[in-house]
Amino acid sequence: MSGEQVLMKGRLHPVTPWRRTWAAATGAVTFLFRDMHDWIDLVVDLPAWVLALTAGLVTLLAASYGFTSWLRTSWQLTPQALQVHSGILFHRHRRFELAHVQEVDVHRPLLGRLIGVCTLRVSVAGRSADLAYLGMVQAQALRTEMRRHMAASAEPAHRQAARPDDAREILSVPARMLGLSILLDAHTMAHVAAALALGAVPYLVLGEPLALLSLAGSLGWAWKLTAGRWPAWHGWTVTAHRSGYRVDHGLFNHRHSTLRHERIQAVVLTQPVLWRRRDWVRISLAVPGHRGLAMLAPVATRRQAEELVEGLWGEEAVEVVRAQCPTPRRARWATLRSRMLSAVVRPGFAAVWRGLFLRSVVHVWPAAKVQQVEVVQGPWQRRLGLATVEIALAGGPNPAARHRDVIEAAHLAEQLRARSGRGPEVPVAVSDE
């Protein structure tokens with residue numbers, strides 16, 4: 001390990017000790033004054049010089065802890081890994097292998113922007129670690145160097161050559177469009193209305209004005225889902241690099257994240273019912289290790305979404321998104337949303353559609369990303385001669401071609417197995433629910 005070449009090394013920003021001093025002082029005060037009533041009687045009787053001396057001593061101890069902790073924290077970057085050394089009494093050595101790093105993001109909170117610092121977040125296997133704080137120039141240089149030495153892309157060479165070397169902005173969400181899309185998201189508004197109604201139940205039952213305090217939690221949650229989204233998503237831009245997509249957003253707290261091309265398993269386009277007239281969609285990505293879907297754009301036109309899919313995987317993927325193969329007419333006896341169900345498998349790519357009133361969702365993914373295929377047939381489906389093809393992808397959520405003809409379902413499963421690039425290793429099972 002000592003023979004590894006060191007590309008970059010350094011310490012955290014000098015402002016970090018003050019942050020740690022504040023945290024240590026706050027913890028000390030919270031511990032000392034946990035029994036507030038007993039301490040108030042004692043403090044009132046103490047002379048002023050004793051209080052000043054105590055406050056100075058606590059501040060000095062906290063400052064010593066913050067400075068020592070900062071002095072004992074260092075990092076260095078090698079071509080293979082990012083290494084972080086920290087700890088005062090118990091030394092800690094963390095090593096992040098660049099071949100396993102999923103994302104390297106820069107977060108700039110409002111206070112950090114004012115003093116010129118930021119947090120570098122490194123995500124590995126669904127977990128993340130922060131370097132807080134780094135100078136903005138230092139963080140950008142470290143992020144660039146880490147990306148340059150990450151594992152080589154798993155995509156074909158001709159796909160890499162097709163992407164430009166220079167970064168270019170491919171999508172920007174206007175503020176007015178963002179605000180209108182939040183208001184027109186009927187699914188979200190239904191959740192907000194339900195939360196407010198439940199918050200008002202104690203008042204309606206008890207008739208006491210104090211019971212209205214139950215609305216406080218509901219109002220906070222409703223704010224987060226509606227008006228709180230606008231500053232969080234304000235200035236949303238997507239920039240294309242050769243290695244992936246960079247997402248920037250935030251009015252007060254600036255956030256930057258990167259989604260690497262080779263880790264994208266599927267693209268999910270979601271269209272709430274009130275967006276259909278304007279033909280807007282939300283673009284999400286299935287990425288292994290990411291908690292849920294990674295949002296690439298909170299709202300975009302369908303043309304922008306198709307251009308993004310084309311830039312990622314080519315024209316063949318866009319053709320799969322546009323093509324539809326509806327379910328048999330008898331499927332209407334199995335589900336009300338039979339007219340919205342579709343499944344298409346083409347050489348190289350596949351897509352499924354679903355939805356009813358509130359949502360219309362399409363999944364598109366390269367056939368080579370499929371890990372498992374299963375044909376499921378319930379008792380009512382057996383009576384109607386239908387079956388469902390369930391597909392497992394690394395990033396999830398797993399799409400499904402629902403209520404297909406039995407022969408068609410078997411054919412779809414066989415096509416996905418053959419085109420997955422895994423040959424006979426991908427199991428095709430038939431099970432009954």
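Condition check ((1) in a helix (DSSP H, G or I); (2) modelled with pLDDT under 90; (3) of a type in the set (Phe, Trp, Tyr)) across all residues:
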residue: 269; (1), (2), (3): no, no, no
residue: 285; (1), (2), (3): no, no, no
residue: 288; (1), (2), (3): no, yes, no
residue: 297; (1), (2), (3): no, no, no
residue: 305; (1), (2), (3): yes, no, no
residue: 311; (1), (2), (3): yes, yes, no
residue: 318; (1), (2), (3): yes, no, no
residue: 351; (1), (2), (3): no, no, no
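Hey, does the stretch 153-163 have a residue that's modelled with pLDDT of 80 or more and among the hydrophobic types (A, V, I, L, M, F, W, C)? Within the stretch 153-163 (the criterion being modelled with pLDDT of 80 or more and among the hydrophobic types (A, V, I, L, M, F, W, C)), the answer is no, since none of the residues qualifies. Total residues in the stretch 362-374 satisfying the condition of being part of a strand (DSSP E or B) and open to solvent by 10 Å² or more (accessible area, probe 1.4 Å): the figure is 5.
Tallying residues that are touching a helix residue (DSSP H, G or I) at 6+ places or on another chain (Cβ under 6 Å), open to solvent by less than 50 Å² (accessible area, probe 1.4 Å) and under 21 Å from residue 246 (Cα atoms) within the stretch 300-328 yields 2. Screening the candidates 344, 373, 362 for the property of being touching a residue at least 60 places away in the same chain (Cβ under 8 Å) and within 29 Å of the chain's Cα centre (by Cα) yields one hit, 362.
Among the residues of the stretch 248-267, the ones that are farther than 15 Å from residue 309 by Cβ and part of a strand (DSSP E or B) come to 8 in all. Within the stretch 385-397, the residues that satisfy the criterion of being buried (at least 17 other Cβ atoms within 10 Å of the Cβ) and either within 27 Å of the chain's Cα centre (by Cα) or among the hydrophobic types (A, V, I, L, M, F, W, C) (or both) are 386, 387, 389, 390, 391, 393, 395. I'm trying to understand the selection: among the residues of the stretch 257-269, which are surrounded by fewer than 20 Cβ atoms within 10 Å (Cβ to Cβ) and under 21 Å from residue 188 (Cβ atoms)? Within the stretch 257-269, none qualify.
Within the stretch 329-346, the set of residues being within 24 Å of residue 273 (Cβ to Cβ), open to solvent by less than 100 Å² (accessible area, probe 1.4 Å) and not in a loop (DSSP other than H, G, I, E, B) comprises 331, 338, 340, 342, 343, 344.
Of everything in the stretch 56-93 that is touching a strand residue (DSSP E or B) at 6+ places or on another chain (Cβ under 9 Å) and open to solvent by 60 Å² or more (accessible area, probe 1.4 Å), the residue that is nearest to residue 131 (Cα to Cα) is 85. Among the conditions (1) modelled with pLDDT of 90 or more; (2) crowded, with 17+ Cβ neighbours inside 10 Å; (3) under 22 Å from residue 321 (Cβ atoms), residue 411 misses just one, which is (2).
The values are calculated or read from the model by the stated rules, or taken from the named source; none is laboratory data. On a predicted model such as this, the values are computed, not experimentally measured, just so you know. Glycine gets a Cβ as well: all are built from the backbone with ideal geometry, and neighbour counts include every protein chain shown. Quick note on the areas: whole protein, heavy atoms, side chains included, nothing else; ligands and nucleic acids left out. Shrake-Rupley method; radii C 1.70, N 1.55, O 1.52, S 1.80 Å.
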